[in-house]
Amino acid sequence: MVAFAFLFGIVAALFIDTTGSIWPAIILHAGFDTVWFILTPRSPVLTDLVSIAVCAALAVLLENLRRLASAAATPTRNR
């Protein structure tokens, strides 16, 4: 559990560093806790797999949002 908490902290720190905001890390944590709360009584393995999938989906979403924000902030030149 300690190793997972450490890795989760690294991922959350990367989200904060990438986006410049703490909110993505908060959403990631809330999403993970929700999945854990719903699925743990059924199967710890399923919970881990779904949690990894949720984290991966959030990482892709955040990267796409970062790219969109970067593209919107970049001025375009008309030739």
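Please treat every number below as a calculation from the coordinates, not as lab data. Everything numeric here is computed off the predicted structure, so don't read it as measured data. Because the Cβ atoms are built from the backbone with ideal geometry, glycine has one as well, and the counts that use them run over all protein chains shown.
If I go through region 19-37 residue by residue, how many of them are under 19 Å from ASP48 (Cβ atoms) and either in contact with a Lys or Arg (Cβ under 8 Å, 6 or more places away or on another chain) or touching a residue at least 60 places away in the same chain (Cβ under 8 Å) (or both)?
Within region 19-37, the first condition is being under 19 Å from ASP48 (Cβ atoms), and the residues that meet it are 28-37.
With either in contact with a Lys or Arg (Cβ under 8 Å, 6 or more places away or on another chain) or touching a residue at least 60 places away in the same chain (Cβ under 8 Å) (or both) added as a condition, the list becomes none.
So the count comes out to 0.
Examine region 36-53 for a residue that is within 26 Å of SER70 (Cα to Cα), under 15 Å from the mean Cα position of the chain (by Cα) and either of a type in the set (A, V, I, L, M) or not in a helix (DSSP H, G or I) (or both), and state whether such a residue exists. Checking region 36-53: at least one residue is within 26 Å of SER70 (Cα to Cα), under 15 Å from the mean Cα position of the chain (by Cα) and either of a type in the set (A, V, I, L, M) or not in a helix (DSSP H, G or I) (or both).
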